[in-house]
């Protein structure tokens, strides 16, 4: 690893980390501030939920969730937090090496006395550090929101911890897939369309999986690998899907090193 590259990459993303962290903290606090209103009207809320089509509830990951409970309501809010985290991780993955190539500064970096493995490792560690900071904010803001607004209602802390720990491998998937896709295409001119497409594409696949019950789609999208609905109802992960998620992430990262070592880097000339 190169400390200089790591620090440069980390500092260049500090503003992004701040923006994403504030966004997810705001979602947690604002959405959960309405919890007691839902919980105090539990019977009315459950009756209203029964009037929604099952397909609609499945599409939004609400099938079987009781919004009148702390974790049931948080599981619903957590799905939106995951969408934010997916876009952030996708942004970092797609931009890890493509930004320097699009700005034609990659050849200058590679003329320094560092290997390509050191360059990519330093960039990855910086991106992981930034994601870790955002995840820490997610954990703190989630506990703060629940503590402030749960009122008299109790919850199972172990299940909440499982939910919050799932954000680490969840983001690793989007980081790894984003990186390997950026190395497979000739040039990524803007990371935003790619990251939005990947995040929303995976979310839509998850929604269709819930509507049609297509197990094949569950194998593709991390929104099903770490389904908040499943975790809240079972108090555990869906182990085969979690292992699949980790396998895809590690294969994507390994493939990224292989592709980067063999990639033709565009130069200014």
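Considering region 1-40, the qualifying helices (runs of 4 or more DSSP H), each wholly inside and each with 1 or more residues that are closer than 15 Å to residue 128 by Cα, run over 3-12, 14-32. In a residue-by-residue description of region 200-210, the property of being out of contact with any helix residue (DSSP H, G or I) (no Cβ under 8 Å at 6 or more places or on another chain) and modelled with pLDDT under 85 applies to at least one position. Scanning region 124-139 for residues that are under 20 Å from residue 15 (Cβ atoms) and free of Cβ contacts under 8 Å to residues at least 60 places away in the same chain turns up 128, 131, 132, 135, 136. Looking across region 232-246, the residues that are farther than 19 Å from residue 177 by Cβ, touching a helix residue (DSSP H, G or I) at 6+ places or on another chain (Cβ under 9 Å) and either modelled with pLDDT of 90 or more or in a loop (DSSP other than H, G, I, E, B) (or both) come down to 235, 236, 237, 238.
The values are calculated or read from the model by the stated rules, or taken from the named source; none is laboratory data. Bear in mind that the values here come from a model prediction, so they are computed numbers and not experimental data. For neighbour counting, all protein chains shown are included, and Cβ atoms are generated from backbone atoms with ideal geometry for every residue, glycine included.
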